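S.K.: I am attaching a structure below and will ask some questions about it afterwards.
The values are calculated or read from the model by the stated rules, or taken from the named source; none is laboratory data. Everything numeric here is computed off the predicted structure, so don't read it as measured data. Neighbour counts are summed over all protein chains in view; Cβ atoms, including those assigned to glycine, are modelled from backbone coordinates with ideal geometry. SASA here: full protein model, heavy atoms, side chains in, ligands and nucleic acids out. Shrake-Rupley method; radii C 1.70, N 1.55, O 1.52, S 1.80 Å.
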Amino acid sequence: MSATSGDGGSAAGSAGSPSAATRTLTMRGSRIDSRELFAAEREIIIAHGEDSYRLRLTSQNKLILTK
C-alpha cells in the first residue's frame, strides 16, 4: 500500500497545484516513516478538509504541528 504526496515535500508549493511534483510514500499498515516525509524538506503542508497544517522537523529532531 502507498500514499501519494501532491506537494513533493515542498512547504512553498500549494497543495493540489497541477505543477507540483508527485512522489510515492511507503506505508506499513497505518505507519509512515518520518524520514520519507522529510526526505527533501524540513517542513511539509498537510491539507485536512478546508484547513492546512504545517508539520516541521526541528533541529533537535522533534516534530511540531501548527495550524
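S.K.: If the requirement is being open to solvent by less than 60 Å² (accessible area, probe 1.4 Å) and either part of a loop (DSSP other than H, G, I, E, B) or at pLDDT below 95 (or both), which of these qualifies: A20, A40?
M.R.: A20
S.K.: Can I ask one more? Tell me which residues, restricted to the range 39-53, are under 18 Å from L25 (Cα atoms) and charged (D, E, K, R).
M.R.: E41, R42, E43 - these are the residues of the range 39-53 that are under 18 Å from L25 (Cα atoms) and charged (D, E, K, R).
S.K.: In addition: Quickly run through the range 23-37 and pick out the residues that are exposed (fewer than 11 other Cβ atoms within 10 Å of the Cβ) and part of a strand (DSSP E or B).
M.R.: Matches in the range 23-37: T24, R28, R31.
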